[in-house]
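Written below as structure tokens is the structure these notes are about.
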Amino acid sequence: MRDPRLQKLASNLAGYSIDVQPGDNVLIDMIGAERELAKCLIEEVTKRGGRPFVETSDRSVLRSMLKHATKEQLELWGQLDLDRMKQMQAYIGVRAGENANEMADVPDDKMKLYDQLYMNPVHMEERVKRTKWVVLRYPNPSMAQLAKMSTEAFEDFYFDVCNLDYSKMDRAMDPLQAMMQRTDHVRIVSPGTDLTFSIKGIGAKKCSGHRNIPDGEVFSAPVRDSVQGKITYNAPSVYAGVTFQHISFTFENGKIVEATSNDTKRLNEILDADEGARYIGEFAIGFNPYILHPMNDILFDEKIAGSLHFTPGQAYEETDNGNRSSIHWDLVLIQRPDYGGGEIYFDDVLIRKDGVFVIPELEGLNSENLK
């Protein structure tokens with residue numbers, strides 16, 4: 001018997017998240033994910049007059065492809081999938097996998113080519129900028145293990161998070177978006193962190209279930225050369241199959257001039273991918289009430305209640321600070337008391353302390369008001 005929560009999720013994705021319209025071509029991209037969800041998505045897209053196209057793949061197969069791929073092969077692969085993406089009006093990407101570190105032994109030069117010749121043109125430039133898209137994870141025992149939960153408990157958590165009333169959250173985001181749009185100076189203070197930058201003129205974008213599931217953030221970007229000071233992230237992060245911890249950046253005039261972590265050498269190799277990788281492309285504040293702890297999955301971790309993320313690399317078109325890079329690496333700092341606390345100031349006014357919004361117009365984004 002089909003889980004009714006799965007049908008609800010598919011309905012929300014097709015109806016609310018990407019708003020399928022009659023005649024829309026919709027690419028359903030399933031990487032290691034449950035086939036039953038693909039069937040639900042096909043039904044929901046078709047019900048709304050869309051035309052579903054399904055791609056299924058496996059992360060271990062992708063690993064093998066990348067280990068043996070040539071530059072010419074990656075260029076052709078990217079061109080073929082770019083041509084297909086240009087025919088799509090919408091995209092639903094569902095990701096799952098038995099091993100979060102599946103890509104750990106793919107050589108760095110191959111991962112860099114994959115980012116430059118495939119991910120950047122197909123996804124960052126075409127899919128992100130020119131389609132209605134949403135991406136999500138699908139629960140499995142590996143994710144439950146990362147979250148330190150039983151499989152059954154994790155499934156309950158997953159559906160609470162993913163079937164949240166995102167339209168209610170969307171309305172509660174309006175005051176924060178407006179405040180960020182008129183803010184100039186931002187200061188972030190936490191253990192190991194004292195960071196200042198400007199977001200003047202950059203704008204702000206709500207994320208309320210239209211692009212990521214789970215969701216729950218408002219993002220902007222710093223004026224490219226304005227970042228000064230130091231940030232120390234307290235959530236681990238998986239990049240190219242490698243888990244990084246205790247990442248710390250020191251900035252001068254917007255540029256990361258010092259970077260350390262549990263694997264400082266590999267960290268700096270990533271940041272040396274291109275000039276833009278050492279500048280910041282996104283600043284975002286997260287507040288999903290059901291997500292409280294990191295699980296080495298950025299689609300969840302960047303939405304943690306009481307968190308922020310400060311992202312080296314490519315800026316989004318909606319809040320463009322001019323930074324260009326093949327990298328876009330969301331790194332998370334949690335400011336709730338159980339993670340050391342911290343403050344966010346907008347133009348010298350405290351707006352969030354220890355993960356709780358303290359300005360009356362922003363209190364609708366506190367966890368008790370979003371559940």
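The values are calculated or read from the model by the stated rules, or taken from the named source; none is laboratory data. As the structure is a prediction and not an experimental result, all values here were calculated from the model. Methodologically, a virtual Cβ is constructed for each residue, glycine included, from the backbone with ideal geometry; neighbour enumeration extends over all protein chains shown. Side chains are part of the model used for accessible areas, which takes the heavy atoms of the whole protein and leaves out ligands, DNA and RNA. Shrake-Rupley method; radii C 1.70, N 1.55, O 1.52, S 1.80 Å.
On the stretch given as segment 138-169, residues that are in a helix (DSSP H, G or I), of a type in the set (A, V, I, L, M, F, W, C) and closer than 19 Å to S11 by Cβ total 4.
Just checking, which of P191, P175 is in contact with a helix residue (DSSP H, G or I) (Cβ under 6 Å, 6 or more places away or on another chain) and either open to solvent by 10 Å² or more (accessible area, probe 1.4 Å) or farther than 18 Å from F357 by Cα (or both)?
Only one candidate passes the filter, namely P175.
Looking across segment 242-256 at every residue that is among the hydroxyl-bearing types (S, T, Y) and under 20 Å from the mean Cα position of the chain (by Cα), the one that is surrounded by the fewest Cβ atoms within 10 Å (Cβ to Cβ) is identified as T243. In segment 348-371, the qualifying residues are those that are within 18 Å of F310 (Cα to Cα) and assigned to a loop (DSSP other than H, G, I, E, B), and the one that is least open to solvent (accessible area, probe 1.4 Å) is G355.
Counting only residues that are part of a loop (DSSP other than H, G, I, E, B) and over 22 Å from M173 (Cβ atoms), segment 184-234 holds 9 of them.
When segment 43-70 is limited to residues that are polar (S, T, N, Q) and without any contact (Cβ under 8 Å) to a residue 24 or more places away in the chain, the one that is nearest to P4 (Cα to Cα) turns out to be T46.
Within the set A259, A273, the sole residue that is at pLDDT 95 or above and surrounded by fewer than 24 Cβ atoms within 10 Å (Cβ to Cβ) turns out to be A259. So, I304, is that one of a type in the set (V, I, T), in contact with a helix residue (DSSP H, G or I) (Cβ under 6 Å, 6 or more places away or on another chain), under 30 Å from N163 (Cβ atoms) and touching a residue at least 24 places away in the same chain (Cβ under 8 Å) or not? Answer is no for this residue.
Screening L113 with (1) of a type in the set (A, V, I, L, M); (2) modelled with pLDDT of 95 or more; (3) closer than 27 Å to E269 by Cα gives one miss only, at (2).
Only residues that are crowded, with 17+ Cβ neighbours inside 10 Å and more than 20 Å from E269 (Cα to Cα) were counted in segment 119-129, giving 7. Evaluation of A172 against the conditions (1) among the hydrophobic types (A, V, I, L, M, F, W, C); (2) assigned to a helix (DSSP H, G or I); (3) within 26 Å of S237 (Cα to Cα) shows that the sole unmet condition is (3).
Select from segment 276-291 the residues that are within 23 Å of G322 (Cβ to Cβ) and not small (G, A, S) and write down the one among them that is surrounded by the fewest Cβ atoms within 10 Å (Cβ to Cβ).
Per the criteria, the residue is R278.
Residues in segment 331-347 that are touching a residue at least 24 places away in the same chain (Cβ under 8 Å), open to solvent by 20 Å² or more (accessible area, probe 1.4 Å) and not in a strand (DSSP E or B): R336, Y339, G340, D347. Whenever a residue of segment 71-94 is closer than 22 Å to D108 by Cα, its partners that are at pLDDT below 95 and open to solvent by less than 10 Å² (accessible area, probe 1.4 Å), lying with C-beta atoms within less than 8 angstrom and at least six residues away or across chains, give the pairs W77/A69. Is segment 106-125 home to any residue that is more than 26 Å from G216 (Cα to Cα), over 21 Å from the mean Cα position of the chain (by Cα) and not in a helix (DSSP H, G or I)? Yes: one or more hits. Scanning segment 66-118 for residues that are crowded, with 16+ Cβ neighbours inside 10 Å, over 23 Å from L37 (Cα atoms) and aliphatic (A, V, I, L, M) turns up L66, A69, L74, L82, M103, V106, M111, L113, L117. The set of residues in segment 43-72 being under 15 Å from L27 (Cα atoms), part of a loop (DSSP other than H, G, I, E, B) and under 27 Å from the mean Cα position of the chain (by Cα) consists of G50 alone. Restricting the first member to segment 199-225 and to residues that are farther than 23 Å from T131 by Cβ and in contact (Cβ under 8 Å) with a residue 12 or more places away in the chain, and the second to residues that are β-branched (V, I, T) and assigned to a strand (DSSP E or B), the beta-carbon pairs closer than 9 Å and six or more apart or on different chains are I199/V186; P222/V186; P222/I280; R224/I280.
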